[in-house]
Amino acid sequence: MLVFAIRRLLQAIPILLGVSLVVFGLVHIVPGNPIDMLMPPEASPEVIAQMKAAFGFDKPLYVQYFLWLFRAMQGDFGLSVFNATPVMGQLMVALSNTFILAILGASLGFALGITFGMTAAMFHGKWPDKLFSALATCGVSLPHYWCAIVLVLAFSVLNDFLPAQGMGDDSLPLYQRLEHLVLPVITLSLIPMGVIGRLVRATVLEILGQDFVGALGAKGLPRWPVIRHVCKNAAPPVLAIMGLQFGYLLGGSILVETVFNWPGSGNLLNLAIYRRDIPVLQATILVLASFFVMLNLMVDIAQAAIDPRIRR
Amino acid sequence: MSEATYDLPSTRVAAAEQPAAPTPGYWKSVGQRLIRDPVTMFVTFVLLGILFITIGAPLVTNGDPFTGSVMTRLKPIGTPGHWLGTDETGRDLWTRICYGGRMSLLAAILPVSIALVVGGFLGVVAGFVGGKIGNLIMRVMDVFYAFPSILLAIAICGILGNGLRNAIFALAIVFIPPLVRVSETVTAQARQLDFVEAARASGTTTMQIIRHHVLANVLGPILVYATSLISVSIIISAGLSFLGLGVTPPQPEWGLMLNSLRQAIYVQPYVAALPGLMIFLTSMCFNLMSDGFRSAMDVRLNK
Amino acid sequence: MSAALSTPASTPVDPRDRGGPAQPMLLVEDLRKHFPVRGGLLNRQVATVQAVDDVSFSVRKGETLGIVGESGCGKSTTARLLMRLVEPDAGLVTFDGDTVGVPHGISINEMRRQMQMVFQDSYSSLNPRMTVSESIAYAPYMHGLPARQAHERAEALLGQVGLNPRTYARRYPHELSGGQRQRVNIARALALEPRMVILDEAVAALDKSVEAQVLNLLGDLKARFNLTYLFISHDLNVVEYISDRVLVMYLGRVVETGPVESIYSHPRHPYTRALFASKPTLDPDRRTTEMPLTGDPPNPINPPSGCRFRTRCAFAQAICAEKVPPLEAPLYGEGIGDSPHLVACHLPEAQAAMGVHHA
Ligand SMILES: Nc1ncnc2c1ncn2[C@@H]1O[C@H](COP(=O)(O)OP(=O)(O)O)[C@@H](O)[C@H]1O
Ligand code: SF4
Ligand SMILES: [Mg+2]
């Protein structure tokens, strides 16, 4: 087990390096120096050169890469070229806001998905199954940014139940700040709900279809061993997809954050793109992608812990 | 029925009467099964309908997607002359939706097609050749796979700048790794099947094996997967435009329209949600279609 | 029916028969295949599976050589090595006097036209997307036979293997029963008019009654087309029924070989005797007092040194761990019949213990 965990960890290193190379390379595909693009045309050459030196943009590319990588590993992503504040600080605030949404959305989606999937499998072929399958198919093809708009429409525009924008002031009472969470969390929960629900349904049906499980039931044995068997066998694939879905929520919430004006990492990325704020852009993408890699890693290890056959 | 005896003459035509090169007659049976599947047929008709109103936009509307008038700004659904209402600059929404679908569909289908060719090729090579080349391809793909798809698309587009070309490029990059993976998996599986070994054992060349035995068995699952990717692609590509990273105004495009109408949600709430409905509908149809294909292609499921 | 296929068995000389009857059809010398096992932290090669280790034998023209052994002892790997579906690490294969795959010998492609193989899994060895006649016609068509003739040959062959072409030619594999599919596979193997056919557990997956029918069919076809068989099976009864000579393998090595009567009546190697002892038999003459095989065979990764059977052998001595026993004439008694009975075992007393009672 430990060997497996260490091996997966080692395998993640080249991927992380590759990710950093892609992120860095992406930014430098575009010709031109970020400072040239940012400075007003009337700025004197000395000032521009000074700026370049200050941000390290005057060195050769590979030196820039290693410097950037070296500092990034220590949590130092440099200064924003837009407002010269440390990137790390901005990123931490934005990430924690995104995390709040992603964790709540994922939990809600997973809980609903597992419930619905189990119910559908229990009532295989009957109306709850059909209803759920239809809903889940809708769920996985939902453009979540549109869904966000529809929710705003239903709960803020047509009926003034819930706030539609931002995350609320610190000065607001707690319940009002929680109200700001409701719509974004529901929006984010829909896709994981559909995906997990479909998977749980299929997995449970497959396990229930196995001969010996049928035999357990036919012998009139207590249902509990059957349920335990189902859970034990359904857990690894469900867990894997859950990890992936949570990762997608982290990286993909940018569109939903835009609709709800939520000050998360997606919003930060969006701003960085418009301001051409290269250090912020690089840092945000790198951190989100690294999270995704680590998440996959943890899921792999957790899966192997549950089901030793997976260890290769 | 006992093993060695001949059974009754069937209604099938004996092969001797139809000499043909040994080509699979498999696709015909898949087609027959598809036609008998009501859901797949229905979504196919819906998709054909969407295709018709977008490509044939001048036939179904005589409005102009680019010009509106201040007089007709943000009219509700059911306004005479503008049955789906108008947008924030008074342009007819029905007209905009018809023309807008062109961009949305193009920006969704083209990247998947590019990725299908590139990713399918790389995947089949990696799966069939294996070894160092296969390993190299797969490790590079792992790196791109490490990005959540929307994040990668936004990052590439955000850096290259907005515009349809960059959006298509970005999405193609996003969809290559999953297609490589799927192609590699099914090819590696097909390669191990005994009938591929049997073909090798009778002196068939590698290229012939790939063409006759591997591709035929591998193309189906890859195409089905690509169809299901289109349903994702349309959401992401409209999403890019929604963020202002894809198609540029004043071009009509569903995601872009959704974004600009969003500002008017308090004035014309229903009109504002319409372009998103189109994205949703198209995406769902592609999804259901790929489900239909998948079950129609499974020989063992349908006897 | 094509002219070539209807060649009667009485035709004395096959133009491809170059060496004459005395030349073995197949001569295998020191064939070896070790598969790397990867693992560990960096996915390095950490061990090797010694799947086939210095295996030598010959197959005479027109005979059936049976290979027996527990599963995992390297039977399939041997077959795949002979077909060159797997590259051997070492060893020479000579097909009718011509060394395979060397500049002045016979090319792999030409060898594959004269030697064909039937696999165990009748379903996965047929392309599910092709009809039965397409599958059979495929190889001749690829070798340049026009489509029409290839299909005619396919239909003739279907008839030869007992399947009515009118009924079966246009069916897909999943529309056939296991026995019918295996008949198709046999027809497919015969489509290139080979001189030798390797049957790797070709009847193992079939029901007993179907198995008997297919075995009979194999016998008929062998006589009709002048074939030489290499018949691989873990079923001792089937091997006894079909083979002229037998080769017993254990963990990648040959432990005993000889004429079928000699091996079945006087098994010499302790492993062979244990194998027979664990075989269910109805014949009271053949009840044995031998200890049946117990435990699993050791892992072919890191096999035991010296004699590989020593970890399960009741007779093992110090020498068994030190030296690999050579394949030689038995140290006790004599080989029976015209072809030698060879055993790889150091100790006469191990070979002496009589396993079989004769009433
Ligand atoms: N491609 C391969 N890679 C690694 N090991 C293999 C491979 N093919 C066979 N082996 C190993 O070689 C040994 C012999 O296998 P095989 O020849 O299939 O045995 P048999 O046919 O007698 O059951 C087994 O331990 C098997 O695991
Ligand atoms: S060589 Fe030794 S261990 Fe091997 S079979 Fe003979 S007696 Fe047994
Ligand atoms: Mg085998």
The percentage of the accessible area of chain B (probe 1.4 Å, all protein chains present) made up of carbon and sulfur atoms, to the nearest whole number, is 67
Mean accessible area per residue over the protein assembly as shown (1.4 angstrom probe, all protein chains present, square angstrom) is 44
Per the charge dipole of the protein assembly as shown (beta-carbon charges, Lys/Arg positive, Asp/Glu negative, Cα centre), the residue among B:I154, A:P236, B:L243 reaching farthest to the positive end is B:L243
For chain B, longest principal axis from Cα atoms; helix B:26-35 axis from its Cα atoms; angle between them, nearest 10 degrees, is 40
Among residues of the range B:217-247, a drop of 20 Å² or more in 1.4 Å probe accessible area, assembly relative to the chain on its own, occurs for B:N217, B:I235, B:G239, B:F242, B:L243, B:L245
Inter-part gap, Cα centre of the range C:173-195 to Cα centre of the range C:224-243, in whole angstrom, is 17
Chains A and B: accessible area buried, summed over both chains, 1.4 Å probe, nearest 100 Å², reads 3700
Sorted by chain and then number, the residues having a modelled amide H within less than 5 Å of the amide H of C:Y250, at least 5 places away or on another chain, are C:V255
DSSP beta bridges in the protein assembly as shown: the antiparallel percent, rounded to 5, is 65
Sorted by chain and then number, the residues having a modelled amide H within less than 5 Å of the amide H of C:V46, at least 5 places away or on another chain, are C:V37, C:R38, C:G39
In square angstrom to the nearest 100, the accessible surface buried at the C/B interface, both sides summed with a 1.4 Å probe, amounts to 4200
FRET efficiency for A:I227 and C:T99 from the Cβ-Cβ distance with R0 = 45 Å, rounded to 0.05, comes out at 0.10
Averaged over residues of A:249-256, the number of beta carbons from other chains lying within 10 Å of each residue's Cβ is 5
Gyration tensor on Cα atoms of the range B:20-179, a ≥ b ≥ c root eigenvalues, a/c under 1.5 rounded, else prolate if a/b beats b/c, else oblate, says oblate
Across 10 Å bins beginning at 0, the whole-percent shares of Cα-Cα pair distances in the protein assembly as shown come to 2, 9, 16, 18, 17, 14, 11, 8, 4, 2, 0, 0
For the range B:80-231, averaging the sequence separation of alpha carbon pairs under 8 Å that lie six or more residues apart and dividing by its residue count, the contact order in percent is 28
Checked the range C:63-221 with the C-alpha gyration tensor, a ≥ b ≥ c its square-rooted eigenvalues, rounded below a/c of 1.5, otherwise prolate if a/b is larger than b/c and oblate if not; verdict oblate
Magnitude of the Cβ-charge dipole (Lys and Arg +1, Asp and Glu -1) of the protein assembly as shown about the Cα centre, nearest 20 debye, reported as 760
With only helices counted (DSSP H, runs n ≥ 4, each -39500 (n - 2.57)), the per-residue ellipticity at 222 nm for the protein assembly as shown, to the nearest 500, works out to -18500 deg cm²/dmol
Where a ≥ b ≥ c are root eigenvalues of the Cα gyration tensor, a/c under 1.5 meaning rounded, otherwise prolate if a/b exceeds b/c and oblate otherwise, chain B counts as oblate
The answer for C:G66, listing residues at least 5 apart or on another chain whose modeled amide H is closer than 5 Å to its amide H, is C:F231, C:D244, C:R245, C:V246, C:L247
Taking alpha-carbon centroids only, the range C:44-71 lies from the range B:136-195 a number of Å equal to 43
In this structure, the FRET efficiency calculated for B:L277 and A:Y62 from their beta-carbon separation, with R0 = 41 Å, to the nearest 0.05, is 0.25
In degrees, nearest 10, the alpha-carbon axis of helix B:269-297 is tilted away from the dominant principal axis of the alpha carbons of chain B by 0
Across the range C:26-243, qualifying lysine pairs (alpha carbons under 23 Å, at least 8 places apart or different chains) come out at 6
Once C:Y141, C:Y123, A:Y145 are ranked on solvent-accessible area with the largest value leading and a 1.4 Å probe, the list reads C:Y141, C:Y123, A:Y145
Here the relative contact order (percent) of the range C:26-243, from C-alpha pairs under 8 Å and at least 6 apart, is 25
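The values are calculated or read from the model by the stated rules, or taken from the named source; none is laboratory data. These numbers were taken from a predicted model, which means no experiment stands behind them. Every residue, glycine as well, gets a Cβ built from its backbone with ideal geometry; the counts of neighbours run over all protein chains shown. To get the accessible areas, we keep the full protein, side chains included, count just its heavy atoms, and leave off ligands, DNA and RNA. Shrake-Rupley method; radii C 1.70, N 1.55, O 1.52, S 1.80 Å.
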